[in-house]
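*Asks:* One structure coming up, written as structure tokens, with questions to follow.
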């Protein structure tokens, strides 16, 4: 089925957090948000960027988006850039359940997106545990790194 537009992409970029959260500033996130906005615009999305939103603001923003008419759109995308924990995403004032945001787009609440992709991209840590990663089949099997430190690999 053909649609008039690809759809809306909402980016919530939380960089600065209230002291009570214990969360530090997320340096580099503005570059990520800008690059993502450019990429999604190039894909044909209508992009809205929102910076430093509280839990309540995030919920209100996405509730409003879910209540919009998406009948002429092929899909909806939401990108959350913030601190996180397992199953949680941080507003500037503290954590909230990711499910509480994604549930706003269920078929019973957002009828104009029934049967259409609802894409959620979340860039946030999931707590203090390290991601062990996976084995790859690329590169030499005996690839070694000489160092006098204990290296940790991560995607910046």
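Derivation of every value follows stated rules applied to the coordinates shown; laboratory data play no part. Treat the numbers as computed from the prediction; the structure is a model and nothing was measured. Because the Cβ atoms are built from the backbone with ideal geometry, glycine has one as well, and the counts that use them run over all protein chains shown.
*Asks:* Considering only the stretch 40-59, state which residues are within 22 Å of residue 29 (Cα to Cα) and either part of a helix (DSSP H, G or I) or over 16 Å from the mean Cα position of the chain (by Cα) (or both). Talk me through it step by step, then tell me what you get.
*Replies:* Of all residues in the stretch 40-59, those within 22 Å of residue 29 (Cα to Cα) come to 40-43, 45-59.
Answer for the stretch 40-59, where residues must be within 22 Å of residue 29 (Cα to Cα) and either part of a helix (DSSP H, G or I) or over 16 Å from the mean Cα position of the chain (by Cα) (or both): 40, 41, 42, 43, 46, 55, 56, 57, 58, 59.
*Asks:* A follow-up question, please. Checking the conditions here, which among 66, 37 is surrounded by 14 or more Cβ atoms within 10 Å (Cβ to Cβ) and free of Cβ contacts under 8 Å to residues at least 40 places away in the same chain? Before the answer, list the steps.
*Replies:* On the way: 66 fails: free of Cβ contacts under 8 Å to residues at least 40 places away in the same chain.
One residue alone meets the criteria, 37.
*Asks:* Considering only the stretch 94-109, state which residues are in contact with a strand residue (DSSP E or B) (Cβ under 8 Å, 6 or more places away or on another chain), surrounded by 14 or more Cβ atoms within 10 Å (Cβ to Cβ) and over 15 Å from residue 60 (Cβ atoms). Outline the logic, then answer.
*Replies:* Within the stretch 94-109, the subset in contact with a strand residue (DSSP E or B) (Cβ under 8 Å, 6 or more places away or on another chain) is 95-98, 101-102, 105.
Then keep just the ones that are surrounded by 14 or more Cβ atoms within 10 Å (Cβ to Cβ); that gives 95-96, 98, 101-102, 105.
Answer for the stretch 94-109, where residues must be in contact with a strand residue (DSSP E or B) (Cβ under 8 Å, 6 or more places away or on another chain), surrounded by 14 or more Cβ atoms within 10 Å (Cβ to Cβ) and over 15 Å from residue 60 (Cβ atoms): 95, 98, 102.
*Asks:* Which residues, counting only those in the stretch 75-93, are buried (at least 17 other Cβ atoms within 10 Å of the Cβ) and not in a loop (DSSP other than H, G, I, E, B)?
*Replies:* Passing the criteria: 75, 76, 77, 78, 79, 80, 81, 84, 88, 89, 90, 91.
*Asks:* Condition check: over 23 Å from residue 118 (Cβ atoms) and either in contact with a strand residue (DSSP E or B) (Cβ under 6 Å, 6 or more places away or on another chain) or in a helix (DSSP H, G or I) (or both). Does residue 31 satisfy that? Can you show your working first?
*Replies:* Details: over 23 Å from residue 118 (Cβ atoms): yes; either in contact with a strand residue (DSSP E or B) (Cβ under 6 Å, 6 or more places away or on another chain) or in a helix (DSSP H, G or I) (or both): yes.
Considered against the rule, which asks whether it is over 23 Å from residue 118 (Cβ atoms) and either in contact with a strand residue (DSSP E or B) (Cβ under 6 Å, 6 or more places away or on another chain) or in a helix (DSSP H, G or I) (or both), residue 31 comes out as yes.
*Asks:* Identify all residues within the stretch 40-63 that are touching a helix residue (DSSP H, G or I) at 6+ places or on another chain (Cβ under 9 Å), surrounded by fewer than 18 Cβ atoms within 10 Å (Cβ to Cβ) and either closer than 23 Å to residue 99 by Cβ or in contact (Cβ under 8 Å) with a residue 60 or more places away in the chain (or both); write none if there are none.
*Replies:* Once the filter is applied, which keeps residues that are touching a helix residue (DSSP H, G or I) at 6+ places or on another chain (Cβ under 9 Å), surrounded by fewer than 18 Cβ atoms within 10 Å (Cβ to Cβ) and either closer than 23 Å to residue 99 by Cβ or in contact (Cβ under 8 Å) with a residue 60 or more places away in the chain (or both), the stretch 40-63 yields 48, 50, 59, 63.
*Asks:* Hey, another quick one. Consider the stretch 9-28. How many of its residues are in contact with a helix residue (DSSP H, G or I) (Cβ under 8 Å, 6 or more places away or on another chain) and assigned to a loop (DSSP other than H, G, I, E, B)?
*Replies:* Keep residues of the stretch 9-28 that are in contact with a helix residue (DSSP H, G or I) (Cβ under 8 Å, 6 or more places away or on another chain), which gives 9-15.
From the residues that got through so far, the ones that are assigned to a loop (DSSP other than H, G, I, E, B) too are 14-15.
Residues in the stretch 9-28 being in contact with a helix residue (DSSP H, G or I) (Cβ under 8 Å, 6 or more places away or on another chain) and assigned to a loop (DSSP other than H, G, I, E, B): 2 in total.
*Asks:* Would you mind stating whether residue 79 is free of Cβ contacts under 8 Å to residues at least 40 places away in the same chain and in contact with a helix residue (DSSP H, G or I) (Cβ under 9 Å, 6 or more places away or on another chain)?
*Replies:* Details: free of Cβ contacts under 8 Å to residues at least 40 places away in the same chain: no; in contact with a helix residue (DSSP H, G or I) (Cβ under 9 Å, 6 or more places away or on another chain): yes.
Criteria not met by residue 79.
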